[in-house]
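Undergrad: The structure is given below, and queries will be raised subsequently.
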Amino acid sequence: MEKAKKKRASLSALTILMAILVVLAIITVIMAAAGVEGITGATLSGLLTAPVRGWSDALSVNCFIMILGGFLGVVTATGALNVGIDTLVRKLRGKEIWIIPILMILFSVGGTVYGMGEETVPFYILLASTMVAAGFDSMVGVGTVLLGAGCGVLGSTVNPFAVGVAVDALKTSGVEANQAIIIVLGAILWIVATAMAIVFMMRYAKKVKADKGSTILSLQEQEEMRANFGEVTTETSDICLSGRQKGVLIVFAITFVVMIVGFIPWESFGITAFVGWSSVLTGFPLGEWYFDETSTWFLIASIVIAIVGGLSESKFIKSFVAGAADMIAVLLVIALARSITVLMNDTGLSMWILENAANILSGMSGALFAPLSYLLYLGISFLIPSSSGLATVSMPIMGPLASGLGFSPEVMVMIFSAGNGLINLFTPTCGFIMGGLAAAKVEWSTWLKFSWKIILAIGIVSCVILTAAMIIL
């Protein structure tokens, strides 16, 4: 019997982000008025234009997500996605729970290898649909994507957008880092965090499967889940995939595989044999892709799927436009999240925090230096959720500080990666988190209520590992 749940009204992601933007602007004004050196008070025009400038800053990401929406709209119009999910669930009946660890491991590999973040947004919709069809709820889909990819990013090994930028920033500062140490320490964090997250998600999924009333979703979210992803049920139809639909799913799978391969930095591994062909289509070989190249790839794939799926020209256009339109709320959330970073750069608040914290940490023992540095990165990552942006700003300060005190700069790189990765499991200033939650019709407050225990546990374990490494190395 389903437990009674109150129908609660939550603040929207846009309202939460706007409130954060206003509060931070007020803080900078107060600090500037008090004569704090290095802080420029936010102006009214700076505050009002920040969301627009955030949109400009996120333009390539938003273009990518909008085209992804159109791509999914075209796939949905062929009927292949719904029938494919139905077929998958039917074949896995009684073993649906194993979808979770398999997918979480795959997402975590993407996280540790190339920092899979914005690319996960379309998977929130796909996994929400799949998990609901499998008899779970949409939160299982959200957790599978976010905790899977996020734990990989937390334990980045060769992620060029995190440890790659950090190591390069250290070199610029005259500090050499041993990549082997970074990879080993990153792998330990990655494996431990991912294992903890998988156990957490499987336990919750089993509870929901056994008793639908144990879902953490509010009544409103459950209604939206049913409206967008179907009823929570273990019963599936006997509809079979047509030949065209099988072709669509093959192209669909190839599209995402190539996207992932396109982001992996093959050249850094000395691999160049198979990467050049994509230059003909996108202008860049695999391994050098970013959002413009990926957007082009998904646009091409949308046309191919329309042809394979037998869609008419008018139905293709209508389904693509409708799918892109469904992403508008996601785009606005990402743009507003970026506006916070824009404001912080203008006012100098993030740099002020970083420089003053570094002065405080100077002279401490490794047993204190490591956990306090970790806490520093937790705080500064709220203001600068971008891993590459944070590495560029912080490593020229924190790397030489650690090296000058006789501590391992490699451990400092992983403190940065783990701290930034942990915050990016829940911070509302991270665009792809808020965008993904919006796509899955899950409120940020619900996600926080659901995930805080596992995030806290992963944070504590990561801090212990990093502190031990700082003392030993």
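The values are calculated or read from the model by the stated rules, or taken from the named source; none is laboratory data. Every value quoted in this text rests on a predicted model; they were computed, and no experiment measured them. Methodologically, a virtual Cβ is constructed for each residue, glycine included, from the backbone with ideal geometry; neighbour enumeration extends over all protein chains shown. Protein only, heavy atoms only, side chains kept; ligands, DNA and RNA dropped before computing areas. Shrake-Rupley method; radii C 1.70, N 1.55, O 1.52, S 1.80 Å.
Undergrad: Report the accessible area of MET225, computed with a 1.4 Å probe over the heavy atoms of all protein chains in place, in Å² rounded to the nearest 10.
TA: Around 10 Å² of this residue is reachable by solvent.
Undergrad: List, in order, the whole-Hz ³J(HN,Hα) value for each residue of segment 186-193 obtained from phi through the Karplus relation with A = 6.51, B = -1.76, C = 1.60 and θ = phi - 60°; use x for Gly and Pro.
TA: x, 5, 4, 4, 4, 5, 5, 5
Undergrad: Here's a follow-up. Evaluate the charge dipole of segment 194-345 about its Cα centre and quote only its size in Debye, nearest 20, assuming +1 on the Cβ of each Lys and Arg and -1 on the Cβ of each Asp and Glu.
TA: Numbers: 11 positive and 13 negative charges, 70 e Å.
Dipole size: approximately 340 debye.
Undergrad: Would you tell me the accessible area of VAL52, worked out with a 1.4 angstrom probe on the heavy atoms of the protein chains, in Å² to the nearest 10?
TA: 100 Å²
Undergrad: Sticking with this one: With the crude spin-label approximation of a point 7 Å out along Cα→Cβ, what separation in nm comes out for ILE460 versus LYS318?
TA: Between ILE460 and LYS318, the simple spin-label model gives 5.6 nm.
Undergrad: While we're here: Place +1 on the Cβ of every Lys and Arg and -1 on the Cβ of every Asp and Glu in the chain, take the dipole about the Cα centre, and give the residue among SER365, ILE454, ILE271 whose Cα lies farthest towards its positive end.
TA: ILE454
Undergrad: While we're here: Would you calculate, for the chain, the mean residue ellipticity at 222 nm contributed by helices, counting each DSSP H stretch of 4 or more residues as -39,500 (n - 2.57) and dividing by all residues, to the nearest 500? Don't skip to the answer; put the middle values down first.
TA: Values: 21 runs with 341 residues, N = 473.
That calculation yields -24000 deg cm²/dmol at 222 nm.
Undergrad: Sticking with this structure for a sec: Let's see if you can work this out: charge +1 on each Lys and Arg Cβ, -1 on each Asp and Glu Cβ, no other charges. What is the dipole magnitude of the chain about its Cα centre, in debye to the nearest 20? Present the calculation step by step, with values, prior to reporting the outcome.
TA: Working: 25 positive and 27 negative charges, 300 e Å.
The dipole magnitude comes to about 1440 debye.
Undergrad: Angle check, please: helix 44-57 long axis (alpha carbons) against the longest principal axis of the chain (alpha carbons), in degrees 0 to 90, nearest 10.
TA: 60 degrees
Undergrad: Using the Cα centre as the reference, give the magnitude of the dipole from point charges on the C-beta atoms of segment 85-240 (Lys, Arg: +1; Asp, Glu: -1; all else neutral), rounded to the nearest 20 debye.
TA: Values: 11 positive and 14 negative charges, 110 e Å.
In total the dipole reaches around 520 debye.
Undergrad: Same structure, new question: Mind giving me the nanometre distance, one decimal, between the label points for LEU59 and ARG203, set 7 Å out from Cα along Cα→Cβ?
TA: 4.7 nm
Undergrad: Between helix 349-361 and the chain, what is the angle of the helix's C-alpha long axis to the longest principal axis, kept within 0 to 90° and rounded to the nearest 10?
TA: 50 degrees
Undergrad: Past 23 Å, Cα to Cα: identify those pairs from LYS91/LYS449; LYS95/LYS449; LYS207/LYS449, in the order given. Intermediate values should be presented prior to the final figure.
TA: Numbers: LYS91/LYS449 33 Å; LYS95/LYS449 28 Å; LYS207/LYS449 16 Å.
Beyond 23 Å: LYS91/LYS449; LYS95/LYS449.
Undergrad: Among TRP297, TRP98, what's the order by accessible area (1.4 angstrom probe), most exposed first?
TA: Values: TRP297 30, TRP98 145 Å².
Largest accessible area first, the residues go TRP98, TRP297.
Undergrad: Report ³J(HN,Hα) in whole Hz for each residue of segment 138-153, in order, from the Karplus equation J = 6.51 cos²θ - 1.76 cosθ + 1.60 where θ = phi - 60°; Gly and Pro get x.
TA: 5, 5, 5, x, 4, x, 4, 6, 5, 6, x, 5, x, 5, x, 5
Undergrad: Taking trypsin sites (Lys or Arg not before Pro) as candidate sites, keep only those in a DSSP loop with at most 13 other Cβ atoms within 10 Å, then name the longest stretch of the chain containing none of them.
TA: Answer - 96-473.
Undergrad: Follow-up question, since we're still on this one. Of the accessible area of the chain, with the probe set at 1.4 angstrom, what percent is carbon plus sulfur? If you can, show how the numbers build up before the last one.
TA: Numbers: 13050 of 19290 Å².
Using a 1.4 Å probe with all protein chains present, the chain comes out at 68 percent carbon and sulfur.
Undergrad: For VAL257 and ILE271, calculate 0.36 nm times their separation in residues minus their Cα-Cα distance, and state this gained length in nm to one decimal. Show your work: numbers first, answer last.
TA: Working: separation 14, 0.36 × 14 = 5.04 nm, distance 1.74 nm.
Stretched out fully, the VAL257 to ILE271 stretch lengthens by 3.3 nm.
Undergrad: Once phi is turned into ³J(HN,Hα) by the Karplus curve 6.51 cos²θ - 1.76 cosθ + 1.60 with θ = phi - 60°, what whole-Hz value does each residue of segment 85-102 show in order, with x for glycine and proline?
TA: 5, 4, 5, 4, 5, 4, 6, 9, 3, x, 10, 4, 4, 6, 4, 5, x, 4
Undergrad: Right, here's the next one. With axes computed from alpha carbons, what is the tilt in degrees of helix 328-347 against the longest principal axis of the chain, rounded to the nearest 10 within 0 to 90?
TA: 10 degrees
Undergrad: Over the chain, give the accessible area per residue in Å² for a 1.4 Å probe, as an integer.
TA: 41 Å²
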